[in-house]
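The values are calculated or read from the model by the stated rules, or taken from the named source; none is laboratory data. Just so it is clear, the structure is predicted and the values come from calculations on it, not from any experiment. Cβ: placed from backbone, ideal geometry, glycine included. Neighbour counts: every protein chain shown. Ligands, DNA and RNA are excluded from the accessible area calculation, which covers all protein heavy atoms including side chains. Shrake-Rupley method; radii C 1.70, N 1.55, O 1.52, S 1.80 Å.
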Amino acid sequence: VIFRGGAILLDPSAYLDVPGIEGSSYVRGESNGWGGVGALVLRGNHAELPQLAWKARISAKRAADLRAPENIIDNTDVQELNGGAGLRWTQDTWSAEIDFERFTSTIGTFTGAQSATASLDEFESALERDVPRDTDIYNVEYDIQRPRQELIHTTLKGRAAHQLDANQELRTTLAYQSDDRDEFALVRDTIQGPQQTFALETTSAELMYHAERMTLNDSTALTLNVGATGMAQDNLTGGTDRETIPSYDAWEAGVFGYAEIDWRDFVFEFGGRFDRREITAQLGTGFSNSETTEETFNFNAPSLTLGAAWRPTTRFELHADLSSATRPPSAIEQFTDGRIPGLPGLVLGDPESTTETAWNLSVGAAYGWSWGRFQATAFGSQVDDFIYFAPLVENGEPLVSLTIRGALPVFAYRQIDARLFGGEASLTVDVLPGVEWMASASYIDGRNVSDDEFLLFMPPPRFQNTLTWRLPWSGVFFDSFISAQSVVVLEQTNFEPSTDFAPPPDGYHLLSFAAGTSTEFGEQELDLGVAVNNATNARYRTYSSLQRYYTDEPGISVLFKAALHFSL
């Protein structure tokens with residue numbers, strides 16, 4: 001499922017521990033897409049019953065089509081309505097919580113990507129166009145057409161904890177989650193209803209013992225987490241089209257443990273986990289999957305982590321981590337077989353996928369001065385049976401399949417051995433009183449060891465510089481700032497031309513600006529902010545996005561936000 005920018009950045013997780021009612025209201029507007037977001041969060045506690053605390057939240061979003069610098073990205077509208085509530089009871093050493101969340105969303109899918117696959121000639125010419133075909137006939141509007149996704153996500157979660165003493169606690173969590181997704185493809189007007197429906201239900205449980213910095217001797221402290229998890233899942237697929245992902249049942253059980261030992265200037269970490277997963281799928285065997293056969297797959301997934309850090313002073317740290325992690329294939333990676341309405345192409349899974357195993361090593365260092373801080377990390381990974389998503393290559397070139405719905409690029413999951421390495425570094429400097437400069441760089445390289453070629457869709461080198469001036473205001477306005485950010489992304493040169501439908505896009509440079517301040521009205525606090533993203537309206541495409549085959553990313557956008565924090 002692809003979610004586009006619908007999250008409300010408010011943290012409603014904390015309950016109120018003193019009598020009263022507190023709340024936050026939030027609004028945000030954005031010029032690109034003429035979108036708006038609003039949210040309200042309330043938290044309360046009553047003096048007559050201080051053991052009981054409550055919280056409630058509601059949010060909504062509505063946005064029209066996005067605009068790239070030279071074209072409208074048609075049918076990228078979105079609308080959301082989300083809400084939830086929770087209760088917490090505390091009594092002596094016990095606490096219990098129950099929390100309910102409901103998320104509903106309708107998301108449009110770019111129609112230009114659909115029309116670009118009408119024929120083989122259209123697909124090939126779309127890869128060479130600067131802007132999508134017929135872009136001049138579109139207008140920015142709020143009407144979400146086909147293709148689109150309609151989502152309903154519901155979660156009910158219960159937690160209980162028992163404080164054994166000042167450092168030790170038992171925790172248990174039970175959760176139920178329901179995910180209903182309808183996929184509406186671009187079809188004739190006479191066809192009604194969704195072409196694909198997915199009803200996924202998940203029930204999970206976790207039991208954990210937590211010990212926080214228990215003193216072993218004068219120089220040694222131990223933090224410990226030990227627990228067990230279980231999960232049962234049921235997916236029912238329907239709709240008018242041939243099933244792309246089959247109906248299936250899955251269960252999973254696991255045990256885990258993690259220990260952190262603080263000894264003088266050192267911190268040592270030890271972690272282990274073992275999971276067992278079983279999935280039973282109704283795989284199609286007849287015409288259009290009209291006949292099915294039931295097949296069961298079992299996976300074991302052990303993982304181990306070792307780490308150490310040396311902190312001789314408060315300014316300096318060295319750390320290293322060595323881990324082995326395994327991951328069973330997901331149902332999408334195993335069983336997808338056909339056209340996904342949200343993606344203009346065919347996707348083929350690998351039913352015979354086995355567990356993916358990664359061997360990871362990372363080392364890093366950090367050093368701080370009174371006027372700044374530097375930190376850097378380097379990593380390397382060897383991944384056996386890496387589950388690789390890429391175009392399907394036949395006869396030395398990526399395959400385009402001719403179907404009754406057009407010429408569709410074909411993507412496939414397959415297992416290879418892969419090797420990845422890279423690193424990132426950042427430097428933060430106080431250049432003047434109240435003025436901070438932060439610079440960062442990141443690099444990652446991926447190799448398909450099995451075929452001796454580069455991995456596709458690896459992020460290219462990225463450089464970021466941010467300059468922030470914290471204004472020395474006090475009185476009516478406070479916490480005021482002005483910032484400017486520069487992001488430079490280079491062109492990805494590590495690629496194999498014969499394995500992708502189009503070469504990587506050019507590198508690009510994005511400029512953004514932001515400013516914000518806060519003020520008070522009695523006991524109420526108002527935070528105000530404004531930002532300009534992609535201020536130069538630069539044209540660019542993101543290498544890791546499949547939409548880069550058809551359109552540029554969104555252009556300039558001016559954002560305004562206001563958040564009011566209040567007490568009643």
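Some notes on this structure:
- Residue within region 490-507 that is touching a Lys or Arg at 6+ places or on another chain (Cβ under 9 Å), within 25 Å of GLU22 (Cα to Cα) and either modelled with pLDDT of 95 or more or buried (at least 16 other Cβ atoms within 10 Å of the Cβ) (or both) present: no
- Verdict on THR190 being among the β-branched types (Val, Ile, Thr), open to solvent by 30 Å² or more (accessible area, probe 1.4 Å) and farther than 18 Å from VAL78 by Cβ: yes
- Among residues of region 76-121, those that are part of a strand (DSSP E or B), surrounded by fewer than 17 Cβ atoms within 10 Å (Cβ to Cβ) and among the hydrophobic types (A, V, I, L, M, F, W, C), counted: 8
- If you filter region 450-471 down to residues that are within 20 Å of the chain's Cα centre (by Cα) and over 14 Å from GLY507 (Cβ atoms), you find that the one that is least open to solvent (accessible area, probe 1.4 Å) is LEU456.
- Scanning region 225-238 turns up no residue that is more than 24 Å from the chain's Cα centre (by Cα), farther than 18 Å from LEU200 by Cβ, open to solvent by 50 Å² or more (accessible area, probe 1.4 Å) and of a type in the set (S, T, N, Q).
- Subset tally (residues that are under 30 Å from ARG539 (Cβ atoms) and buried (at least 16 other Cβ atoms within 10 Å of the Cβ)) for region 141-168: 5
- Total residues in region 16-46, condition in a strand (DSSP E or B) and either of a type in the set (Asp, Glu) or in contact with a helix residue (DSSP H, G or I) (Cβ under 7 Å, 6 or more places away or on another chain) (or both): 2
- Residue that is among the charged types (D, E, K, R) and farther than 28 Å from TYR142 by Cβ, where the choices are ASP77, ASP65, ASP92: ASP92
- Residue among ALA160, ALA166 that alone is in a strand (DSSP E or B) and among the aliphatic types (A, V, I, L, M): ALA160
Quick grid of which residues meet (1) modelled with pLDDT of 90 or more; (2) more than 30 Å from ASP262 (Cβ to Cβ); (3) in contact with a strand residue (DSSP E or B) (Cβ under 7 Å, 6 or more places away or on another chain):
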position: PHE123; (1), (2), (3): yes, yes, yes
position: ASP134; (1), (2), (3): no, yes, no
position: GLU150; (1), (2), (3): yes, yes, yes
position: HIS162; (1), (2), (3): yes, no, yes
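- Residue within region 519-540 that is crowded, with 17+ Cβ neighbours inside 10 Å and either under 30 Å from ARG447 (Cβ atoms) or free of Cβ contacts under 8 Å to residues at least 12 places away in the same chain (or both) present: yes
- Scanning region 180-218 for residues that are part of a strand (DSSP E or B) and either free of Cβ contacts under 8 Å to residues at least 60 places away in the same chain or small (Gly, Ala, Ser) (or both) yields a total of 23.
- Among the residues making up region 299-322, those that are of a type in the set (Val, Ile, Thr) and farther than 21 Å from GLY380 by Cα are THR313, THR314.
- Looking only at region 39-72, and only at residues there that are of a type in the set (Val, Ile, Thr) and buried (at least 20 other Cβ atoms within 10 Å of the Cβ), the one that is nearest to the chain's Cα centre (by Cα): VAL41
- Of the residues in region 477-494, none is within 30 Å of ALA116 (Cα to Cα) and of a type in the set (Gly, Ala, Ser).
- For region 390-414, a tally of residues being part of a strand (DSSP E or B) and open to solvent by less than 50 Å² (accessible area, probe 1.4 Å) returns 13.
- Highlighted here are the strands (runs of 3 or more DSSP E) found entirely within region 458-545 that include at least 2 residues which are charged (D, E, K, R): 462-470, 524-533.
- Unmet criterion (only one of (1) open to solvent by 40 Å² or more (accessible area, probe 1.4 Å); (2) farther than 30 Å from THR244 by Cα; (3) touching a residue at least 12 places away in the same chain (Cβ under 8 Å)) for ASP417: (2)
- Candidates ALA221, ALA175 - the one that is assigned to a strand (DSSP E or B) and under 20 Å from ALA253 (Cβ atoms): ALA175
- Comparison of THR292, THR237 shows that the only residue that is β-branched (Val, Ile, Thr) and under 30 Å from THR357 (Cβ atoms) is THR237.
- The listed residue being at negative phi, among the small types (Gly, Ala, Ser) and in contact (Cβ under 8 Å) with a residue 60 or more places away in the chain, out of ALA53, ALA68, ALA60, ALA85: ALA68
- Wholly enclosed strands (runs of 3 or more DSSP E) of region 249-340 bearing at least 1 residues under 30 Å from ASP218 (Cα atoms) and open to solvent by less than 80 Å² (accessible area, probe 1.4 Å): 266-284, 292-310, 316-327
- Among residues of region 341-380, those that are outside any strand (DSSP E or B), open to solvent by 30 Å² or more (accessible area, probe 1.4 Å) and farther than 30 Å from PHE274 by Cβ, counted: 3
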